[in-house]
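Each reported figure results from applying straightforward, stated rules to the coordinates on display, with no laboratory input. None of the values given here were measured: they were computed from a predicted structure. No Cβ is skipped: glycine too gets one built from the backbone with ideal geometry, and neighbour counts run over all protein chains shown.
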Amino acid sequence: MVTYRNTDSPSPSGLEDTSIASAREIADAGASLVVDVDGHVVRGVMFDSVEGESRFVASAQVVSTLGPPIGDLSVAVKEVVSILEGQSGTKLNVDGDAAAHLGPFALTGYPVAPLSVAIVPTGQQPLTNVLATTSRATASTVHILTDNVRTEDGVLSSTLLEVRLRGLRPDVVVLLEGDRAQSEWASAVGTFGNLIAERAIEQLIVLASEEFQQYLIQALGENANMTGLDPNQYESHEVAMALESELGELYEQRVAAASRLGVDRKLRFVSRLRSGDLATRYIARRMERSVVSVDVSAGTAINWSTMHAGGSTARPELDVHANVRSLFASNLDKIRTMLPVEMSREDLANWILNRASRPRVEAVLWRDQLIESVLLSSVVAQTWGNLDGIASDQIDLIIAGQGFCFDGDPTLGVLALLNGLQPAPLGGVVQVLLDPDGLLWAAGAIGDQAPAVAADSIEHDLLTTTATIVVVEGAGAEGQPAVSGKLTYEDGDTVEFTVAYGSLLRLPLGEGDQATLVLTCEPGFAVGGSNPGEQIQFGPDEGFDGGEVGLIVDARGRPMTEFTDDGVARDTVRRWYADLGIKV
């Protein structure tokens with residue numbers, strides 16, 4: 001679920017501020033290509049030298065052919081490469097001497113299905129959640145088999161365990177010594193023996209003392225593809241790192257065993273989480289900000305980074321496309337209260353089922369885009385929750401991928417991110433960048449080989465603000481004044497306003513425009529730690545700028561109040577959309 005790291009150590013990719021100085025040496029390396037693939041879309045992103053700098057020059061996206069009816073990813077990859085060649089005039093699909101003018105090529109995303117990992121603890125074991133956390137920092141869907149494989153009196157049932165494992169058919173089973181290992185180990189091992197003989201389990205990882213490992217080896221013999229580690233001999237984080245490394249290597253082996261994906265040159269694989277981590281970490285250090293990147297395509301990935309720490313989380317089984325059914329495991333009534341359109345629980349369930357049956361169909365009707373944006377916020381909230389206790393909600397910058405770029409109105413994507421992440425920036429202001437071309441993940445993937453190419457592209461092509469949001473924290477009566485202020489534009493025009501608690505305000509502030517904002521909070525409310533009645537000012541010197549959506553003042557408090565009444569919820573949510581100028 002989560003990997004935690006201290007970012008004081010150098011980035012293994014070299015994607016740091018110092019790499020910019022060497023950009024001049026690498027910028028002329030030639031055209032570079034990143035292919036980002038999964039079961040939903042296939043995207044190609046191309047970088048090349050432009051006037052001595054490495055820049056983003058072209059992108060193309062087509063529907064993935066990974067799944068049925070074609071089942072061959074190379075079909076979509078060849079189409080993307082052909083489009084990029086037509087856009088750029090550069091021949092990419094070449095090898096040998098003809099490729100001498102080309103830079104590095106990289107592959108990211110989910111080119112093969114994520115691993116299915118089942119964790120089976122024999123009783124209580126503090127490592128259980130740590131290992132689930134670590135496993136979800138890889139390309140893995142994680143299942144913890146605890147209560148659902150036990151009888152009513154809490155005893156591990158070999159029958160229930162076998163039924164559950166047959167249903168999951170996991171690629172990897174992690175057997176963990178717990179406080180009931182003495183009484184439950186034999187049952188677990190006997191169940192695994194049957195399944196391994198039938199090849200229903202491919203790999204077994206045993207985290208137990210030597211005594212229990214030897215029992216398993218004697219019981220299973222040479223039939224088992226097994227690795228073992230005694231967790232009592234290591235710190236918990238060392239055990240977690242070992243498991244993360246094992247799962248990461250296993251997934252990379254599967255990627256390597258896949259075809260060459262329709263490109264003559266070898267594509268170096270960088271996982272989506274790692275590519276996002278490298279670029280997010282670079283931006284956090286470069287801008288001295290707390291940064292979150294969010295990608296929802298086939299699965300969901302979130303990276304968080306400050307100058308000194310960070311974390312990553314992935315949910316390959318959760319999105320608003322082929323995996324939209326996963327939302328049935330969440331509270332549909334809670335999701336329904338956030339909809340600006342009236343829908344019964346049954347109507348919402350039917351919408352989800354219809355989307356699941358046609359996952360590659362883009363939402364065209366405006367009503368469908370409204371619904372999809374609310375589902376996106378739920379997916380983000382669930383995935384972001386995996387970082388509880390690790391990441392901070394004091395976010396200064398949010399970068400989101402193509403899934404949040406609604407053609408009808410980009411404000412929909414911004415609102416989905418605000419509702420899902422509920423940022424409470426330390427300085428009071430958070431900026432949102434929508435990245436329709438997936439540049440952040442492409443830059444991270446190519447930066448693993450050519451950090452200067454990635455650094456130049458991030459600097460010049462990615463960091464363009466879509467919206468600037470001022471977050472007003474605090475609570476009060478609905479409709480009570482929370483903050484008042486004045487926005488002064490460069491030409492001297494001014495707008496004075498008051499925003500009530502529970503409301504939002506959107507003001508025009510276009511890309512490249514600069515303005516000065518002066519705010520005064522009412523008692524019980526604050527912006528970035530300000531005191532009631534204190535005047536707060538933001539201007540160009542604080543990086544306060546505009547974008548396509550403009551300036552938003554969010555006075556809904558943190559955390560946002562959850563609704564208990566459908567009628568109140570619908571009226572309030574519709575008012576939010578009206579505040580932002582989003583048609584319903």
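Things worth noting here:
- Helical mean residue ellipticity (222 nm; -39500 (n - 2.57) per DSSP H run of 4+; nearest 500) of the chain: -10000 deg cm²/dmol
- Straight-distance crosslink candidates among lysines, where the alpha carbon sits under 23 Å from K91 and sequence neighbours closer than 8 are dropped: K78, K266
- Counted over all Cα-Cα pairs of the chain, pairs farther apart than 33 Å make up 48 percent.
- Under 16 Å of direct C-alpha separation, and excluding same-chain neighbours fewer than eight residues apart, K334 reaches these aspartates and glutamates: E342, E346, D347, E372, E562, D565, D566, D571.
- Ascending count of other beta-carbon atoms within 10 Å, so fewest first, for W366, W185: W366, W185
- Put simply, the amide H of V50, placed in the peptide plane, has neighbours under 5 Å in R55, leaving out anything fewer than 5 places away on its chain.
- Straight-line reach from K486: taking Cα to Cα under 29 Å and skipping same-chain neighbours fewer than 8 places apart, the lysines in range are K583.
- The Cα atoms of the range 123-260 define a convex hull whose projected area, averaged across directions, is 8.6 nm².
- Neighbour-count ranking [beta-carbon atoms within 10 angstrom, fewest first] of R164, R169: R169, R164
- Tail beyond 25 Å, pair distance distribution of the range 467-584 (Cα, percent): 23 percent
- Positive dipole terminus of the chain, leading residue within Q535, S64, G109 (C-beta point charges): S64
- For the range 181-248, radius of gyration divided by Kirkwood radius, i.e. Rg to Rh on alpha-carbons: 0.98
- Label-point gap, in nm, between E210 and Y489 - each point 7 angstrom along Cα→Cβ: 7.7 nm
- Ranking of H308, H143 by count of other Cβ atoms within 10 Å, fewest first: H308, H143
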